[in-house]
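Report on the structure given below.
All of the numbers you see were taken from the coordinates with simple rules; none came from a lab. Please read all numbers here as calculations on a predicted model, not as lab measurements. All Cβ positions, even for glycine, are placed from backbone atoms using ideal geometry, and neighbour counts span all protein chains on display.
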Amino acid sequence: MGDSAQTNWLVFSAANRTLAGFSLVIGLTYFFKKLPQLFVKHRLLLLIFCAAIIRLFSIFSSPNPPTDIFYILRDGPKLLFRGINPYELNYPSPYGVYIPTIVFHYGPLAPFVFLPSSAIFNDPRFTLILVDLLAAFVIYRLGRHLKVDDQITKLLVIIYLFHPFFGFMTEHAWPEPLSTLFLLLAVYFTITRRQSILVGTFLGFILSIKSVYVLPLVTYLANTRAKFYQFLLAIGIPIALSAPFLLANRQLFLDRTQIYVTNPEKIATVLAPTNISLSISAVILKYTHIMLPTAAVVIPGLAISFLSILKKSPNVSFALLSTFIVFFTLFMLGPFVFLYNFAFLGNILLISILLFSAKDKI
């Protein structure tokens with residue numbers, strides 16, 4: 001609700017703290033039964049409104065947060081808007097704390113998703129507010145479809161919107177809400193229309209932002225007994241979206257999106273993020289300068305993936321939980337794992353709780 005990066009903190013941080021306290025009071029009313037019906041009917045909407053305003057004030061409070069992600073998602077799409085390859089983005093970091101150079105390293109869908117917000121408001125974070133609200137709506141709709149107890153569904157919506165780092169994540173432009181929304185939609189259509197092309201499409205959107213998530217998402221498809229065309233869409237969409245950038249400058253695109261985040265030698269040259277990374281690999285790298293080889297990360301992930309697939313459980317809830325375990329394994333052995341990665345893991349568990357709370361086994 002307030003930190004040294006918030007240059008406009010005086011008004012907006014105070015307002016956010018007030019709104020957070022007000023939201024807490026409203027949230028506590030869920031433990032009471034004898035309340036005015038008008039209030040009971042609209043309190044969830046009131047909480048959603050407060051969550052949106054707190055996120056909005058977090059942006060106003062910190063117009064230029066000291067995080068590379070903000071500049072990447074702001075300036076990469078702006079280059080695309082001018083007809084320039086966003087992967088050509090390259091300039092010294094304006095704060096130079098952990099990452100010395102600002103380069104665009106997200107997948108090919110990211111510049112398009114953040115283009116409207118960056119072009120209109122010169123800020124990508126307004127997109128993230130919309131994404132969070134859409135994700136909350138999907139959680140609510142999914143809970144209703146599964147006939148989950150209404151109170152449980154609403155409480156899960158509140159937990160999603162008010163998790164401990166929700167204002168901080170918006171302020172620092174962490175894009176993980178996008179992955180959460182697309183995964184939610186994939187789960188929703190797995191349950192409502194299991195053979196729909198939308199299942200593979202939304203998983204393909206996730207891979208079009210972060211291709212390193214391929215193993216957990218393929219595990220999900222395998223455990224839900226997905227059709228071949230759903231696998232094809234999940235893999236084909238990021239390839240199709242990558243094609244123009246590969247044709248423009250293949251080496252640059254691969255260097256930014258693949259080698260920069262998966263090559264041990266490249267990663268070992270950037271030691272500063274290990275100070276705030278939360279993985280086993282980062283601790284080893286920080287104190288020994290030894291980078292775990294890619295095989296040491298992938299093999300355990302593959303082993304867990306195969307074990308979950310061999311179990312042959314038809315449940316979507318099991319498929320999502322096995323996806324979480326594969327993600328967790330890769331994150332803990334991967335080079336850099338930050339708070340937003342754990343926020344994403346928390347969101348997967350939140351969806352799992354919703355599925356396990358369904359009236360009928362799915």
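P(r) tail, the stretch 101-171: Cα-Cα pairs separated by more than 19 Å, 49% of all pairs.
The largest-to-smallest principal axis extents of the Cα set in the stretch 135-183 are 36, 21, 10 Å.
Have a look at 93, 352, 166 and report the one farthest towards the positive end of the charge dipole of the chain, computed about the Cα centre with Cβ charges (Lys/Arg +1, Asp/Glu -1). Farthest along the dipole direction, towards plus: 352. With a simple spin-label model that places each label point 7 Å from the Cα along the Cα-to-Cβ direction, the separation between residue 25 and residue 255 comes to 5.7 nm. Quick one: plug the Kirkwood hydrodynamic radius of the chain (C-alpha pairs) into Stokes-Einstein at 4 °C, 1.567 mPa s, and report D in µm²/s. Translational diffusion coefficient: 60 µm²/s.
For the stretch 197-229 versus the stretch 281-323, the spacing of their alpha-carbon centroids is 16 Å.
Quick one: if you take sqrt(5λ) for each eigenvalue of the C-alpha gyration tensor of the stretch 168-217, what semi-axes come out, biggest first, whole angstrom?
The answer is 22, 13, 7 Å, longest axis first.
Under a model in which nothing but the beta-carbon of Lys, Arg (+1) and Asp, Glu (-1) is charged, the chain shows a dipole of about 1240 debye around its Cα centre. Note on the stretch 1-123: percent of Cα-Cα distances in each 5 Å bin, starting at 0 and stopping at the bin with the largest distance, equals 2, 10, 15, 14, 14, 13, 11, 8, 6, 4, 2, 1, 0. For the chain, complete DSSP H runs whose alpha carbons reach 15 Å or more along their own long axis and whose mean Kyte-Doolittle score is -1.0 or higher are 9-28, 37-61, 68-81, 125-145, 150-161, 176-192, 197-207, 228-254, 294-311, 316-333, 339-356. Per-residue ellipticity at 222 nm, computed for the chain from helices alone with -39500 (n - 2.57) per DSSP H run of at least four residues, works out to -21500 deg cm²/dmol. Think of the chain as having a plus end and a minus end, set by charges on the Cβ of Lys, Arg, Asp and Glu; of 333, 113, 40, 40 sits farthest toward the positive end of this dipole. A Gaussian network model of the chain, with springs between Cα atoms under 10 Å, assigns the largest mean-square fluctuation among 129, 191, 26 to 26. Assuming charge only on the beta carbon of Lys and Arg (+1) and of Asp and Glu (-1), the dipole of the stretch 1-151 about its Cα centre is about 720 debye to the nearest 20.
Ordering 252, 45, 181 by the number of other Cβ atoms within 10 Å of each residue's own Cβ, fewest first, gives 45, 252, 181.
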